[in-house]
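Below is one structure. I have some questions about it.
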Amino acid sequence: MMNPVYKEISQREEAAGCLLCHSTPCTKACPYGVEVDRVIRAMRFENVTGAATRLPKELPCLSCESKDCMKACLKGKINRPVAIDEIMTQAVSCQTEYSKDVDLSLEFCGIPCENPFFLSSSVVGSNYEMVAKAFDMGWAGVAFKTIGTFIPKEVSPRFDALSKEAAPFVGFKNIEQISDHTLEENLGFLKQLKKDYKDKIIIASIMGQNEEEWSHLAKLVTDIGVDIIECNFSCPHMAADGLGSDVGQNPELVAAYTKAVRKVTDLPILAKMTPNIGNMEIPAIAAMEAGATGIAAINTIKSIMNVNLDTFSSGPDVEGKTSVGGYSGKAVKPIALRFIHAMKTCDKLENAPISGMGGIENWVDAAEFLTLGCENLQVTTAVMQYGYRIIDDMIEGLSYYLESHGYQSVTEIIGKAITTIVSADELERDSICYPKFLKDKCVGCGRCYLSCYDGGHQALRMDEKSGKPIMDPKKCVGCHLCTTVCPAGAITQGLRVKK
């Protein structure tokens, strides 16, 4: 039975263990018609209010003895069913009144968008049927998978994931190249999508091999009526030299190719930047001065993800070999946010519209990108894990957040966090914020003590009588390593005093 002191931790763990099944056996088994799968999914993606709104106020789950939903849970075939009863109990306690009467629409590069959520240029937006399904589910736009004048010869397999302890998907690596459809097929997809979904935004991602090809591709996609052109200067694993991130690291090439696109189109142009560089501002400035309208960032990070210690090969394993590929997923979010902040605080780029991407899995991630100045968001890896359906909780979660904080429009939070990130010499250095230990939540595991002694300042000891930590304020420097490692949420920020 869930300890109410740790209900939030318990709920997160249980929701994280859900397989997020397509067939939703838990919901089908519920005798009361509760949308069990949607409640769990909303909790999984931090849309707690959205989960609660899907439950009747008199929740039958609280008195249900059959637990048919848990009997049907497919995770039970692996080890044990998800504790659905605990999740429902937590969700119903979060019920509140919200109208979702907030405006998620905004303009990006002068184009009205119904919400900030777009599919990014990748396999998740690579043909008509896929994008049409996403549009029908609520995505506002797509950066269609990059098209060129050639069809790459792909390898198999080309995807792999990085795991950590119980987390099976910390990061993701791919060695896939641009679209494997012909140029004619891709132009047909784009044209039909724009015809059938007039209010959705179509971004054509293109990649040329020289100035003539960049101009040629830009002219073709302009003529079929796309809304924006995205120049892929950043794919990290093209098989040929002089493409992708090779371009993005060279400001002269970025400028030349941007000019080649600009001379044949009046459409907004996004320059998609590579993170495989020290200062993204340099090629970004080059792109803007050459005629780009805005920036898209970040593309994937060049990586070697792992080594199999039995075969000494790395993933994705292609007949015992692999290549440097693109790393993405939640793990790259801090890197993406750093680059975006650097551009938004650069005098020559502060007014440049930015389409942000890199580790956006839920509405919280999305809101963070917005607060650092992005006016548009692109998602790939999360869709590859969970499907287009994540848009439901992204839209709901962001809407509930905005309303609960008194905002009427998503535009009100854009850029609000920029000034809170400052240079190291501007930070307060004349005081110490001591950690505060919540004895009622401490389970006495000693993780804080181990980390402080072996990786900190030896400011903690374990009390023999209580089995809980005691802090020595003469040794504590306020680093808060203990707060970071505590698995029970029993340590928070406490009193700040002058040194």
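What does DSSP give for the chain in terms of the percent of beta bridges that are antiparallel, rounded to the nearest 5?
Working: 24 of 51 bridges.
Percentage antiparallel, nearest 5: 45.
Hey, what did the chain get for relative contact order, percent, Cα under 8 Å, at least 6 apart? Numbers along the way, then the final one.
Values: 992 pairs, mean separation 63.7, N = 499.
RCO, the chain: 13 percent.
Next question, about the same structure. Please report, in debye to the nearest 20, how large the charge dipole of the chain is about its Cα centre when each Lys and Arg carries +1 at its beta carbon and each Asp and Glu carries -1 there. Spell out each step's value before the answer.
Values: 52 positive and 62 negative charges, 315 e Å.
The calculated dipole for the chain is roughly 1520 debye.
Let me ask something else. For the chain, what does -39500 (n - 2.57) per DSSP helix run (n ≥ 4), summed and divided by total residues, give at 222 nm, in deg cm²/dmol to the nearest 500? Let's see the in-between values first.
On the way: 18 runs with 163 residues, N = 499.
So the calculated ellipticity at 222 nm is -9000 deg cm²/dmol.
Between the DSSP loop rule and a limit of at most 14 other Cβ atoms within 10 Å, which trypsin sites (Lys or Arg not before Pro) in the range 330-362 are left?
Numbers: sites: K330, R338, K344, K348; in loops: K348.
The qualifying sites are K348.
Looking at the P(r) of the range 106-420, how many percent of alpha-carbon pairs lie beyond 30 Å?
Details: 13745 of 49455 pairs.
Counting pairs separated by more than 30 Å, the tail of P(r) holds 28 percent.
Still on this structure: List the GluC sites (Glu not before Pro) in the range 276-323 that DSSP assigns to loop (not H, G, I, E or B) and whose Cβ has at most 15 other Cβ atoms within 10 Å. Which are they? Walk me through the numbers before you get to the answer.
Details: sites: E281, E289, E319; in loops: E319.
Those satisfying the criteria are E319.
What length, rounded to one decimal in nm, is gained on full extension from K7 through to T182, with 0.36 nm per residue of separation minus their alpha-carbon distance? Mind dumping the intermediate values first?
Working: separation 175, 0.36 × 175 = 63.00 nm, distance 5.26 nm.
Full-extension gain reported as 57.7 nm.
Can you figure out the FRET efficiency of A167 with K498, using R₀ = 41 Å and their beta-carbon distance, to the nearest 0.05? Could you put the intermediate results ahead of the total?
Details: r = 40 Å, r/R0 = 0.98.
Once rounded, the FRET efficiency stands at 0.55.
Further question on the same structure: So between K219 and L74, what do we pick up on full extension, going 0.36 nm a residue minus the alpha carbon distance?
Residue separation times 0.36 nm, minus the Cα-Cα distance, leaves 47.1 nm.
Put +1 on the Cβ of each Lys and Arg and -1 on the Cβ of each Asp and Glu in the range 428-498; which of P487, V497, Q458 then has its Cα farthest toward the positive end of the dipole?
About the Cα centre, the residue reaching furthest to the positive side is V497.
Using a cut-off of 13 Å between beta-carbons, work out the net charge of the residues near Q192 (Lys and Arg +1, Asp and Glu -1, Q192 not included). Don't skip to the answer; put the middle values down first.
Working: positive: K191, K194, K195, K198, K200; negative: E129, E184, E185, D196.
Around Q192, the surrounding residues sum to +1.
Right, another one. Which number do you get for Rg(Cα) / (2.2 N^0.38 Å) in the range 209-309? Write down the numbers at each step before the final one.
Numbers: Rg = 14.1 Å, N = 101, 2.2 N^0.38 = 12.7 Å.
So the range 209-309 has a normalised radius of gyration of 1.11.
Something else: Scan the range 252-329 for chymotrypsin sites (Phe, Trp or Tyr not before Pro) in coil per DSSP, keeping those whose Cβ has at most 16 other Cβ atoms within 10 Å, and list them by number. Working shown, then result.
On the way: sites: Y257, F312, Y327; in loops: F312.
Loop-located and lightly packed - F312.
Over the residues of the range 428-498, compute the C-alpha Rg and express it relative to 2.2 N^0.38 Å.
On the way: Rg = 11.5 Å, N = 71, 2.2 N^0.38 = 11.1 Å.
That ratio works out to 1.03.
Quick one: net charge of S355's neighbours, Cβ under 14 Å, K/R +1, D/E -1?
Details: positive: K272, K344; negative: E107, D227, E230, E375.
Result for the neighbourhood of S355: -2.
No lab work stands behind these numbers, since they all come straight from the coordinates. These numbers come from a predicted model, not from an experiment. Note: ideal-geometry Cβ built from the backbone for every residue, glycine included; neighbour counts use all protein chains shown.
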